[in-house]
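The values are calculated or read from the model by the stated rules, or taken from the named source; none is laboratory data. Nothing here was measured: the structure is a model prediction, and the numbers come from that model. Counting neighbours? That spans all protein chains shown, and the Cβs are built from the backbone with ideal geometry, glycine included. Keep in mind that these areas ignore ligands, DNA and RNA; they rest on the heavy atoms of the full protein, side chains included. Shrake-Rupley method; radii C 1.70, N 1.55, O 1.52, S 1.80 Å.
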Amino acid sequence: MMQAITGGLVRQGWGPDRIAAVEPNELAAIEVERLGCAVYRSAGDALGSLAEAGIIVLAVKPQVMRDALLPLTGKITSQQLVISIAAGLRVGDLLRWLDGGTGCMRSAQMVRAMPNTPALIQKGIAGLYAAPHLTAVGRSDAEQLMGAVGEVVWFEEESMLDAVTAVSGSGPAYVFYFLEALESAAQELGFSPDAARKFARQTFLGSVHLACAGAESPATLRANVTSRHGTTEAAISAFDQAQMKEQFVRGVRAAAKRAQELGDQLSKAKSC
């Protein structure tokens, strides 16, 4: 995700000299360096650049976030905007870890964001939540940065970021799951693997474009191609008998519950 955001900013005209990254993974570091950005292998090495940064993006796995923040504890000012894109981690916990008892984060500029992987091709969407003291300038900066890789939507309740995680953060996996199933069905019906993939992808892509082109609901669009006693109705009836829609909703709810549980666990966890 860090690579996606960095690439999106460069494509939007941000000079690479304005961007620095901390990336311990060698292959990922090489990709960022190719954009012309400075890359450090540890947060400790980047402290000089950190002091000059107007925006700091925390793009590490939630399970290792607390330890990753240790070199930054007490070193971020209330004038710097901090954006976290770690699933489940709440603003209060992040502020507490970064403050370390110094009081420096009492009026911190922080945004919690949940983007998704289509950000890699600038087609993502991110849900955003603002910490209590976020200024209009901080809000605008967060929109500009996250908007470099897709659309942004603000939420007033932080708990909604767990729902965003379940719907759009995990959502691409649901789409790929459907594509995988449609490809498999096509091959069972005699398609070659290449043809099955092409038909599945283009059918999905065309359908999404059709949905975006007008104001009709998905239910209406589905009804438009479901003739009475026809082939589509046979498929939909089989799906309904298997309660696919209900099972799908149940799965998304399970993802949202897991995001909330992850936040609870990490809030209570001790640093290694």
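Overview of results
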{"read-out": "Tabulated pairs, the stretch 8-22, first in contact (Cβ under 8 Å) with a residue 24 or more places away in the chain, second of a type in the set (Ser, Thr, Tyr) and buried (at least 18 other Cβ atoms within 10 Å of the Cβ), C-beta under 6 angstrom, 6+ apart or interchain", "value": "Val22/Tyr40"}
{"read-out": "Single residue of the stretch 109-146 satisfying the filter (in a loop (DSSP other than H, G, I, E, B) and farther than 19 Å from Gln79 by Cβ) that is most open to solvent (accessible area, probe 1.4 Å)", "value": "Lys123"}
{"read-out": "Failed condition for Met105, given (1) surrounded by fewer than 20 Cβ atoms within 10 Å (Cβ to Cβ); (2) more than 22 Å from the chain's Cα centre (by Cα); (3) over 23 Å from Leu9 (Cα atoms)", "value": "(1)"}
{"read-out": "Conditions (1) over 24 Å from Arg253 (Cα atoms); (2) in a helix (DSSP H, G or I); (3) of a type in the set (Asp, Glu): number failed by Glu216", "value": "(2)"}
{"read-out": "Residues that are hydroxyl-bearing (Ser, Thr, Tyr) and in contact (Cβ under 8 Å) with a residue 40 or more places away in the chain, drawn from the stretch 225-272", "value": "Ser267, Ser271"}
{"read-out": "Check on Asp162, out of contact with any Ser or Thr (no Cβ under 8 Å at 6 or more places or on another chain) and under 30 Å from Gly100 (Cα atoms)", "value": "yes"}
{"read-out": "Tally of residues being at pLDDT below 85, part of a loop (DSSP other than H, G, I, E, B) and not aliphatic (A, V, I, L, M) across the stretch 26-58", "value": "4"}
{"read-out": "The one condition in (1) modelled with pLDDT of 95 or more; (2) farther than 16 Å from Lys257 by Cβ; (3) touching a helix residue (DSSP H, G or I) at 6+ places or on another chain (Cβ under 6 Å); (4) open to solvent by less than 70 Å² (accessible area, probe 1.4 Å) that Ala163 fails to fulfil", "value": "(2)"}
